[in-house]
């Protein structure tokens with residue numbers, strides 16, 4: 001079976017679910033986080049799932065969409 005490789009396809013900015021403002025998150029640890037949008041002042045919950053198969057240095061890159069070679 002060939003080795004699986006992870007490649008970055010593209011990145012997408014995170015946006016407020018209410019006003020669509022671009023949001024930059026600090027380095028969030030896995031878990032639930034209450035985020036308040038600076039533009040519309042509304043709160044929402046951001047859930048960060050743990051990345052078991054990725055090293056801790058790559059966990060900071062949580063805005064990447066990833067695909068795997070088959």
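The values are calculated or read from the model by the stated rules, or taken from the named source; none is laboratory data. Fair warning: this is a prediction, and the values are worked out from it, not measured in the lab. Reconstructed Cβ throughout: ideal geometry from the backbone, glycine too, with neighbour counts over all protein chains shown.
Could you list, in sequence order, all residues of the range 19-31 that are surrounded by 10 or more Cβ atoms within 10 Å (Cβ to Cβ) and either touching a strand residue (DSSP E or B) at 6+ places or on another chain (Cβ under 7 Å) or without any contact (Cβ under 8 Å) to a residue 12 or more places away in the chain (or both)?
Passing the criteria: 20, 21, 23, 25, 28, 30, 31.
Scan the range 6-18 and give yes if some residue there is modelled with pLDDT under 85, surrounded by 12 or more Cβ atoms within 10 Å (Cβ to Cβ) and not in a loop (DSSP other than H, G, I, E, B), otherwise no.
yes
Can you tell me which residues in the range 32-52 are part of a loop (DSSP other than H, G, I, E, B), surrounded by 13 or more Cβ atoms within 10 Å (Cβ to Cβ) and in contact with a strand residue (DSSP E or B) (Cβ under 8 Å, 6 or more places away or on another chain)?
Listed by number, the list holds a single entry, 37.
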